[in-house]
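One structure is given here, and the rest of the page talks about it.
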Amino acid sequence: MLTRLQDEAVHPITELSRNSSADSVSVSVQGKWKKNRKGKKPQKGNYERLLALATHALAENKREPKDLWQEPFVPASSWRPCADQRDWEPSEGNNGYILVTANGGINQQRVAVCNAVVVARLLNSTLVIPKFMFSSVWRDVSQFSDIYQEEHFIKYLTPDIRIVRELPEEMQSLNLEAIGSVVSDVDMGKEAPPSFYLKHILPILLKNQVVHFVGFGNRLAFDPIPFGLQRLRCRCNFHALRFVPRIQETGALLLNRLRQHTGHIGLLDRYLIGPFAESILEGKGNHSKKASKYLSLHLRFEIDMVAHSLCEFGGGEGERRELAAYREIHFPALAHLEKTTKLPSPLELRSEGLCPLTPEEAVLMLAALGFNRKTHVFVAGSNLYGGQSRLTALTSLYPNLVTKENLLSSTELEQFANYSSQLAALDFIGCTAADAFAMTDSGSQLSSLVSGFRIYYGGGKMPTIRPNKRRLASIFTKNSTIEWRVFEQRLRKAVRQTKHVQTRPRGRSVYRYPRCRQCMCRTD
């Protein structure tokens, strides 16, 4: 149901990019919201009783379950990365030029870049370094070379496609819209198959020698797609896209402090922070001290996610009015749908597992799984709906909770000020390198990319907690009566069933599920 609704509703970032006049309205309304929140008591989402039981359980300091920090190693370790293997000749790219302007945040843009690389190979065309669309939500002017190493990207993919930094001079003055070379996201369906590009895009390319995809994102299907193209997709994501040195260097500082300065290099460090992984060892005379384990948690609970979900989160009538006002500005198509169509109730959406986990639900999940009170927790995600007070439950149960803003000084973060995508890259590094990673929304692009990276490079030693929100919803509905012991048992069973090792289901993202013969090879 929600998938259908989301298809009908305009994507928030796409909508905002088309309606810049909403900016001033947004600022004034958000200002009112901030004023209205003053003096409010922190919301706990109606979980006071369970939170009290969790506090008591953690105070007992029980031994953690043996498999808490582990992935099923034997079946997981039988897969190894192999997307770097090639069995084709380079493409000459002589059918024309592909321009791409990707929308969304850093994670949506990453997917768009990988899709653009595959489309360029499919159409035997030359890819111009992708551009990133300015978003009224993210307000970040960062371009490709501000986030990724452009030279490495070009050089690594040279055996696959031809890449240039800009159009030839004689083509730069072309009015692409006038000649019919602009293709927007509304001109093509989500996850379009290769046949769509060959039938509809290739003729434009051959005629005009250039096509510009505007708002390009998840516009290439995962199945059916030729073997080599699928592998190229993984090669781009896991090998060709490296963060620029200043992000890597700050990421190294972040990891060093997350591990309590023990001079420990993690399994994924060299893939995430490159040569700066070695700097973690510098000045560490004694390496015998065991590295401090940490859990990373991605809280996808920003107002755009909360409002778009059509769910309720314990804030009563004030919350309903606030989220409705936000939808009117940022999701007008969805707001119109609310008024003209009978939609599922918030209760129905929650029972189907279609609501994002609240911070309170997230901390109850961690406590029920058995993470003890001393666990070091790195929280990714910012601008939580309800403000920092929504972290109260997390910090009261897990006092060793940190964010990048806690661990890095204002001077160290200054270079990233007002660049939300570059800050998100630091969250990506902190989450991906963690000893265990817990997501709260499996549909989040960050969570999908992080979990896929951990699978691809983790060697079966990097567990990810993927809650089945539908099963959790049925457990949380008993919050006023369920005993803590029963709550623990049911929640552990629900999460354990999502921890198993599986190959990529047909039609699902290779970025999230890279265990497939195109991206990873079996060793047994």
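The values are calculated or read from the model by the stated rules, or taken from the named source; none is laboratory data. Everything numeric in this text was worked out from a predicted model, so none of it was measured. Note that we place each Cβ from the backbone using ideal geometry, even for glycine, and neighbour counts take in every protein chain shown. Side chains included, ligands, DNA and RNA excluded: accessible areas come from the protein's heavy atoms. Shrake-Rupley method; radii C 1.70, N 1.55, O 1.52, S 1.80 Å.
Scan segment 83-100 for residues that are surrounded by fewer than 19 Cβ atoms within 10 Å (Cβ to Cβ) and of a type in the set (S, T, N, Q) and jot them down. Residues satisfying the conditions are Gln85, Asn94, Asn95. Out of everything in segment 123-140 that is at pLDDT 95 or above and of a type in the set (A, V, I, L, M), what residue ends up being farthest from Ile429 (Cα to Cα)? Filtering first and then ranking leaves Leu123.
Considering every residue within segment 381-389, establish whether at least one is open to solvent by 30 Å² or more (accessible area, probe 1.4 Å), over 30 Å from His239 (Cα atoms), part of a loop (DSSP other than H, G, I, E, B) and not hydrophobic (A, V, I, L, M, F, W, C).
yes
What do you reckon, is Phe313 among the aromatic types (Phe, Trp, Tyr), touching a strand residue (DSSP E or B) at 6+ places or on another chain (Cβ under 9 Å) and part of a loop (DSSP other than H, G, I, E, B)? Considered against the rule, which asks whether it is among the aromatic types (Phe, Trp, Tyr), touching a strand residue (DSSP E or B) at 6+ places or on another chain (Cβ under 9 Å) and part of a loop (DSSP other than H, G, I, E, B), Phe313 comes out as no. Residues in segment 216-237 that are open to solvent by less than 10 Å² (accessible area, probe 1.4 Å) and either among the aliphatic types (A, V, I, L, M) or in a helix (DSSP H, G or I) (or both): Leu220, Ala221, Gln230, Leu232, Arg233, Cys234, Arg235, Cys236, Asn237. Among the residues of segment 447-476, the ones that are in contact with a Lys or Arg (Cβ under 8 Å, 6 or more places away or on another chain) and within 25 Å of Gly314 (Cβ to Cβ) come to 5 in all. The set of residues in segment 21-76 that are of a type in the set (Phe, Trp, Tyr) and either touching a Phe, Trp or Tyr at 6+ places or on another chain (Cβ under 8 Å) or modelled with pLDDT of 50 or more (or both) comprises Tyr47, Trp69, Phe73.
Looking at segment 347-379, which of its residues are under 21 Å from Lys404 (Cβ atoms) and of a type in the set (Ser, Thr, Tyr)? Within segment 347-379, Thr375 is the sole residue that qualifies. Look at (1) open to solvent by 10 Å² or more (accessible area, probe 1.4 Å); (2) in a helix (DSSP H, G or I) and you find that Leu334 fails only one, number (1). Any residue that is free of Cβ contacts under 8 Å to residues at least 40 places away in the same chain, open to solvent by less than 20 Å² (accessible area, probe 1.4 Å), assigned to a helix (DSSP H, G or I) and on the phi < 0 side of the Ramachandran plot - is there at least one of those in segment 260-271? Scanning segment 260-271, I find no residue that is free of Cβ contacts under 8 Å to residues at least 40 places away in the same chain, open to solvent by less than 20 Å² (accessible area, probe 1.4 Å), assigned to a helix (DSSP H, G or I) and on the phi < 0 side of the Ramachandran plot, so the answer is no. Among the residues of segment 339-361, those identified as surrounded by fewer than 23 Cβ atoms within 10 Å (Cβ to Cβ) and part of a helix (DSSP H, G or I) are Lys339, Thr340, Pro346, Leu347, Glu348, Leu349, Arg350, Ser351.
Would you call Phe378 part of a strand (DSSP E or B), modelled with pLDDT of 95 or more and open to solvent by less than 20 Å² (accessible area, probe 1.4 Å)? Judged against the criteria, Phe378 is a match.
Taking helices (runs of 4 or more DSSP H) that fall entirely within segment 413-521, which contain at least 2 residues that are surrounded by 19 or more Cβ atoms within 10 Å (Cβ to Cβ) and hydroxyl-bearing (Ser, Thr, Tyr)?
Numbers: elements: 420-432, 445-457, 469-476, 484-496.
Counting at least 2 such residues, we get 420-432, 445-457.
Just one residue in the set Thr440, Thr481, Thr523 is within 17 Å of the chain's Cα centre (by Cα) and more than 25 Å from Ile265 (Cα to Cα); that residue is Thr440. Checking segment 442-461 against the condition returns no match, with no residue being of a type in the set (A, V, I, L, M), touching a Leu at 6+ places or on another chain (Cβ under 9 Å) and touching a residue at least 12 places away in the same chain (Cβ under 8 Å). Among (1) surrounded by fewer than 16 Cβ atoms within 10 Å (Cβ to Cβ); (2) outside any strand (DSSP E or B); (3) in contact (Cβ under 8 Å) with a residue 24 or more places away in the chain, there is one condition Arg80 misses while meeting the rest; what is its number? Just one mismatch for Arg80, condition (2).
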